[in-house]
Amino acid sequence: MDQLIVALDVESRERALALASSLREVVGGIKVGSRLFTLAGPGLVDELVNDGHRVFLDLKYHDIPNTVAQAIDAAIRTGAWMLNVHTSGGIDMMRAAADACREASATTRGSSPLVIGVTVLTSMTAATLLASGVTQPLSDHVLSLARMAQDSGLDGVVASPQDTAAIRAACGASFIIVTPGIRGASAGRNTHDQARTMGPGDAIRAGANYIVVGRPIIDAPNPRTMAKAIATELTHVAALTTPNKK
């Protein structure tokens, strides 16, 4: 199922490679985040790519525009399929990321990766956002960041599944939306530290292009079985919704 991305938030390169191998042909992508990247480095991304996996390199760059542009240039050389930056870095930073992607892709292997912007983390609530100094209502703030990402030339955003429908309506059908915070239904009920969640099928119905699932899969007694259950739910949703798009 191409829409399912599994977050390999694990403690070693060896476990990451074993999990990725066990999930082959069940999931559409593998997410490598800051923990695993810090442990295993860019060589792991290269290994996964060479083994045929699409890799979402989830490092959430947030710095001055020149530094982010250089980081994007370096990340592209790993062969990653998708990269991200924090939208709160501002429009100049996001434009620098988008420009760097286009320029670097011309001299590297394969097609240009997707560059998307992180809006508001799914662990954050209206109260935690307010405590950080943002007085705009959470949903309005997410939409403002999504529109800014689109205006900057990014391919899409990462956002809570609860924000997906509003972003889709505001930014159109071609804007990519990646949703973490997937819980409930086939993904299990334990929300862990996620505050704004939704089930896999509901997230796709709301307009997500991709969903990211981590602990419900990698902590399951049989990760492949859990991933298959989620993929089956997504396939069922696709079968019900595709005719409506004709």
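The values are calculated or read from the model by the stated rules, or taken from the named source; none is laboratory data. Model, not experiment: these values are computed from the prediction. Cβ sites come from the backbone with ideal geometry, for glycine too, and all protein chains shown count toward neighbours.
Per-structure values
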| item | result |
| --- | --- |
| Filter result (loosely packed, with under 15 Cβ neighbours inside 10 Å, of a type in the set (Val, Ile, Thr) and outside any helix (DSSP H, G or I)) within the range 50-90 | Ile64 |
| Positions within the range 25-42 being under 17 Å from Arg77 (Cβ atoms) and either without any contact (Cβ under 8 Å) to a residue 24 or more places away in the chain or in a strand (DSSP E or B) (or both), in sequence order | Val32, Phe37, Gly41 |
| Given (1) polar (S, T, N, Q); (2) surrounded by 24 or more Cβ atoms within 10 Å (Cβ to Cβ); (3) modelled with pLDDT under 95, index of the condition Thr119 fails | (3) |
| Failed condition for Val134, given (1) surrounded by fewer than 24 Cβ atoms within 10 Å (Cβ to Cβ); (2) at pLDDT 85 or above; (3) part of a helix (DSSP H, G or I); (4) in contact with a helix residue (DSSP H, G or I) (Cβ under 7 Å, 6 or more places away or on another chain) | (3) |
| Qualifying residues in the range 219-246 (those that are at pLDDT 90 or above and more than 16 Å from Gly28 (Cβ to Cβ)) - the one nearest to the chain's Cα centre (by Cα) | Asp219 |
| Residue list for the range 205-227, filter: of a type outside the set (Gly, Ala, Ser), part of a helix (DSSP H, G or I) and buried (at least 20 other Cβ atoms within 10 Å of the Cβ) | Pro216, Ile217, Met226 |
| Selected residue [modelled with pLDDT under 90, among the basic types (Lys, Arg), buried (at least 20 other Cβ atoms within 10 Å of the Cβ) and assigned to a loop (DSSP other than H, G, I, E, B)] from Arg189, Arg196 | Arg196 |
| Single unsatisfied condition, Ala96 versus (1) closer than 23 Å to Gln150 by Cα; (2) of a type in the set (A, V, I, L, M, F, W, C); (3) not in a helix (DSSP H, G or I) | (3) |
| Among the candidates Ser144, Ser174, residue that is surrounded by fewer than 17 Cβ atoms within 10 Å (Cβ to Cβ), polar (S, T, N, Q), at pLDDT 95 or above and not in a helix (DSSP H, G or I) | Ser174 |
